[in-house]
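Trainee: Encoded as structure tokens, here's the structure I'll be asking about.
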Amino acid sequence: MFPSELAEHFDMTLAGVSTHLRILRDADLVKEKREGQRRLYSLNTEATLEIKNFYDQMWSNNLNSLKEFVENKKRKEGKRK
Amino acid sequence: MISTNDREIRKIVVIDAPPDMVFKAISDEKELTEWFPDLAVLEPRIGGKVRFTFYRKNSENQDRDHSPEGEVLEFIPNQKISYTWEHKDVAGFPRTIVTWQLEHIGNNKTRIELVHSGFIGAENEMYDEHREGWNYYLDRLVVYYNIKM
């Protein structure tokens, strides 16, 4: 999106939006592409995909732990009865 | 437009135990720590606080522990629990949602469907869908900006 498009949706001046976008770019949260005199901005999706991959792995591991925990517990309770 | 797979994680697992046992394991603060975080806070009601703390293993200082937190959106005993999952200290971390849906299947088994959604993973979405993402980033930015100044 161009800064002018974004500015329409926020209670901010175009200059304000442009300043913010440059900071987001420096923080690696958005990507910037030059198109002639204009700059086009998009969200940096790699950062969020990395987070998603982390959780994908984490849930796989933890669901296995959950299964093990609950099934062991059931087995122990069964023995006591 | 992108497929939903880019923004959510979906896992299915079948556990050889009845739903009440499984539900207890995913919602009881004490049982949670048996298989998931090192410390758990989960207030069992809609709007209740959720906070899971994971210690950094093999580390002397615990400064880098991570503690996702959020609030309970749905709480239906033995069936469903849903809560938000955020990392307030991680720049760029979206407001995600974790949902556990339990289904009682034959032989006293439970089918779990886990969905972790809300990951922003699209560049070419329509504006309305994008808006939340941009709002989010702009909010974040204000924080980042204030720190830098």
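No value in this document is a laboratory result; all are computed from the given coordinates. Note that this is a predicted model, so its numbers are computed, not measured. Here Cβ is always computed from backbone atoms with ideal geometry, including for glycine, and neighbour counts include all displayed protein chains.
Trainee: Quick one: which residues, 5 or more positions from A:L43 or on another chain, have an amide H under 5 Å from its amide H? H modelled 1.01 Å from N in the peptide plane, none for Pro or chain starts.
Mentor: Here A:K31 satisfy the definition.
Trainee: Just from its helices, what would the mean residue ellipticity at 222 nm be for chain A, if runs of 4 or more DSSP H residues each count -39500 (n - 2.57) and the sum is divided by every residue, rounded to the nearest 500 deg cm²/dmol?
Mentor: -22500 deg cm²/dmol
Trainee: A 22 angstrom limit on the alpha carbon distance is what I want to check against. Which of A:K76/B:K30; B:K24/B:K49; A:K33/B:K88; A:K76/B:K80; B:K49/B:K80; A:K73/B:K24 exceed it?
Mentor: A:K33/B:K88; A:K76/B:K80
Trainee: Averaged across the residues of B:11-21, what count of C-beta atoms belonging to other chains lies within 10 Å of each residue's C-beta?
Mentor: Shielding by partners across B:11-21 averages 4.
Trainee: Could I ask something else about it? Please provide three numbers in whole Å: the alpha-carbon extents of chain A along the principal axes, with the largest listed first.
Mentor: Rounded to whole Å, the extents work out to 76, 25, 17 Å.
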